[in-house]
1. Which numbered condition trips up residue 247, out of (1) closer than 20 Å to residue 88 by Cβ; (2) part of a helix (DSSP H, G or I); (3) touching a residue at least 40 places away in the same chain (Cβ under 8 Å)?
2. Is the range 41-51 home to any residue that is surrounded by fewer than 17 Cβ atoms within 10 Å (Cβ to Cβ) and either in contact with a helix residue (DSSP H, G or I) (Cβ under 9 Å, 6 or more places away or on another chain) or assigned to a helix (DSSP H, G or I) (or both)?
3. Report every pair of residues separated by at least 6 positions or lying on different chains whose Cβ atoms are under 6 Å apart, first residue within the range 5-17 and on the phi < 0 side of the Ramachandran plot and crowded, with 17+ Cβ neighbours inside 10 Å, second assigned to a loop (DSSP other than H, G, I, E, B) and at pLDDT below 95.
4. Among the residues of the range 197-212, is there at least one that is over 16 Å from the mean Cα position of the chain (by Cα) and outside any helix (DSSP H, G or I)?
5. Determine whether residue 146 is on the phi < 0 side of the Ramachandran plot and surrounded by fewer than 21 Cβ atoms within 10 Å (Cβ to Cβ).
6. Take the conditions assigned to a loop (DSSP other than H, G, I, E, B) and surrounded by 19 or more Cβ atoms within 10 Å (Cβ to Cβ) and apply them to residue 115. Does it pass?
7. Condition check: under 16 Å from the mean Cα position of the chain (by Cα), crowded, with 16+ Cβ neighbours inside 10 Å and farther than 26 Å from residue 97 by Cβ. Does residue 162 satisfy that?
8. Report yes if some residue within the range 106-128 is in contact with a helix residue (DSSP H, G or I) (Cβ under 7 Å, 6 or more places away or on another chain), closer than 28 Å to residue 58 by Cα and in contact (Cβ under 8 Å) with a residue 40 or more places away in the chain; otherwise report no.
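The values are calculated or read from the model by the stated rules, or taken from the named source; none is laboratory data. Owing to the predicted nature of the structure, the values given are computational and were not obtained by experimental measurement. Don't worry about glycine lacking a Cβ; one is built from the backbone with ideal geometry, like all the others, and counts go over all protein chains shown.
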């Protein structure tokens, strides 16, 4: 159905990204606050299913980019028009922000109880233990304040490379399963293939960086936390990592992944 107020592509990116973050960050919320998931894989599989369903819902409207890194890579390496990039990114950011707001409203009681249990003041030191439901940190706090010993487990350069690598792999898969020239692709399983890739990447990288792979997924909810009581704390825990690891690294990784696929893509038989 075409929205009377919004272009179909804008509505598709907004709704698709909303669903992606609702499922994904919702699984983090239930794991951290309520113990509903056990282990990184259970969170990862909900993320993957969320990606799959979001693609199925929005693909016919917008192509289901749902990620600024994907949009920029498609503009650079395919025929996606550059003039659409700002609108796509705006829709993705808005969808992620609205999903964070909905989750905050749904889980506000559990959030307060979690912070009280840990003796945390929202916005104060250690409050990444609850902010991690929305924003991402390295290493994964696991619902607890990050201690100096924990912060020493992975340095910013390693976190940056992890996000570059993860997003590059994601774009390789996206390009492969959506390329008509790839004779091995199963066109009916595009969403499932991408969702399972996200599941696998979160299973591997989740303990290190929480596996962002998507600047809108992190930055929009992180901005929401600044308005919801956490202030600047989510931007201070990893220094400039909020920008370098969770925005710039996925953007770079997407360009590398799409560029590598483009260089190696199969040539259709004549």
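1. So the condition that residue 247 fails would be (3).
2. Scanning the range 41-51 turns up at least one residue that is surrounded by fewer than 17 Cβ atoms within 10 Å (Cβ to Cβ) and either in contact with a helix residue (DSSP H, G or I) (Cβ under 9 Å, 6 or more places away or on another chain) or assigned to a helix (DSSP H, G or I) (or both).
3. Within 6 Å, the pairs are 11/3.
4. no
5. So residue 146 does not fit the description; no.
6. No: the conditions fail for residue 115.
7. Considered against the rule, which asks whether it is under 16 Å from the mean Cα position of the chain (by Cα), crowded, with 16+ Cβ neighbours inside 10 Å and farther than 26 Å from residue 97 by Cβ, residue 162 comes out as no.
8. Yes, the range 106-128 has at least one match.
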